[in-house]
Amino acid sequence: MRTPLVAGNWKMNGSRASVKELINGVVDGAKAINGVDIAVCPPFIFIADVVAVTEGTNVAVGSQDASTELKGAFTGETSVEMIRDFGCKYAIVGHSERRTLYGETDEIVAKKFGVVKNAGLIPIFCIGETLEEREQDITEEVCARQIDAVFAAHGENAFEGSVIAYEPVWAIGTGKTASPEQAQAVHAFIRAHLAKRNADIAEKVQILYGGSMNPGNAKELMGQGDIDGGLIGGASLKADDFLAVCAAGQ
Ligand code: 13P
């Protein structure tokens, strides 16, 4: 059986003071939660403060992005080695906001996926269709294309030890959630698509759902056979809400 993973993506939110309060609340409440992997992904500049609180607890930390490059003259970038050095376990790659607002192509995301894995970090690889693509009925095609870019760059076993987050773009920050049936159908497709290359790895990969997941819908979503947790935006900014989503994974 796969252990569920609930990861909070804080995006570009918080102040030094509010982050301290949030992470203290999360760490405190997480003590009562068993059988669920828990992670938070703060903005880069807060990672050190957050790790200082999470060290030795059951809350892991991830970055929201990583550079394709390993070191050198890349102003504004943060390397995987730095991310690992500061105590992160995960790195989100290919979030739809990076893809749409910062022009990250499937190839760029695939490169990030590789450097993250090579650094010994666990990529949380985000995929998903826009509203327009769903209306054109090409959701599966889009997800397959995004996944296949990683296979093309890193081979048949690329997804070993990695996490996938299915985040329909139309459900992100909109309050519109995919129904459990809609989400499960795509998750099952993703797993079957992975299984064409390696059935064993496909069975082990945690596939998270992301897009307006909250305490009210988390249990039903995570109750689906192929939904192994969540990548939580808005609801991860309040400790109580985030912890309620984590508890729903138990
Ligand atoms: P929301 O939970 O705010 O919809 O965000 C989801 C998301 O983008 C997580 O990465």
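The values are calculated or read from the model by the stated rules, or taken from the named source; none is laboratory data. Since we're looking at a predicted model, the values are computed, not measured. Counting neighbours? That spans all protein chains shown, and the Cβs are built from the backbone with ideal geometry, glycine included. Please note that ligands, DNA and RNA were not included when accessible areas were found on the heavy atoms of the full protein model with its side chains. Shrake-Rupley method; radii C 1.70, N 1.55, O 1.52, S 1.80 Å.
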- Message: Just to check your reading of the model, which residue among 14, 35 is more than 15 Å from the ligand (Cβ to nearest atom), of a type outside the set (Ser, Thr, Tyr), part of a loop (DSSP other than H, G, I, E, B) and open to solvent by 30 Å² or more (accessible area, probe 1.4 Å)?
- Response: 35
- Message: Can you report the number of residues in the range 114-141 which are in a loop (DSSP other than H, G, I, E, B) and more than 25 Å from residue 154 (Cβ to Cβ)?
- Response: 3
- Message: Condition first: assigned to a helix (DSSP H, G or I), free of Cβ contacts under 8 Å to residues at least 40 places away in the same chain and farther than 20 Å from residue 235 by Cα. Now tell me which residues in the range 42-92 satisfy that.
- Response: 45, 48, 49, 51, 52, 53, 81, 82, 83, 84, 85
- Item | Filtered residues of the range 164-178 (kept if open to solvent by 40 Å² or more (accessible area, probe 1.4 Å) and either among the hydrophobic types (A, V, I, L, M, F, W, C) or over 24 Å from residue 237 (Cβ atoms) (or both)) | 169
- For the range 170-177, indicate whether the set of residues that are more than 15 Å from the ligand (Cβ to nearest atom), touching a residue at least 40 places away in the same chain (Cβ under 8 Å) and more than 28 Å from residue 71 (Cβ to Cβ) is non-empty. no
- Kindly provide the set of residues from the range 193-245 that are open to solvent by 20 Å² or more (accessible area, probe 1.4 Å), away from the ligand (no atom under 14 Å from the Cβ) and in a loop (DSSP other than H, G, I, E, B), ordered by number. 196, 197, 198, 223, 224, 225, 226
- What residue, of 114, 103, 128, 161, is surrounded by fewer than 13 Cβ atoms within 10 Å (Cβ to Cβ) and at pLDDT 95 or above? 103
- Query: Could you list, in sequence order, the residues of the range 70-100 that are open to solvent by 60 Å² or more (accessible area, probe 1.4 Å) and in contact with an Asp or Glu (Cβ under 8 Å, 6 or more places away or on another chain)?
  - Reply: 70, 71, 77, 98
- Item | Failed criterion for residue 178 (all others in (1) of a type outside the set (Lys, Arg); (2) modelled with pLDDT of 95 or more; (3) outside any helix (DSSP H, G or I) hold) | (2)
- Just to be sure, is residue 158 part of a loop (DSSP other than H, G, I, E, B) and either small (Gly, Ala, Ser) or farther than 21 Å from residue 198 by Cα (or both)? yes
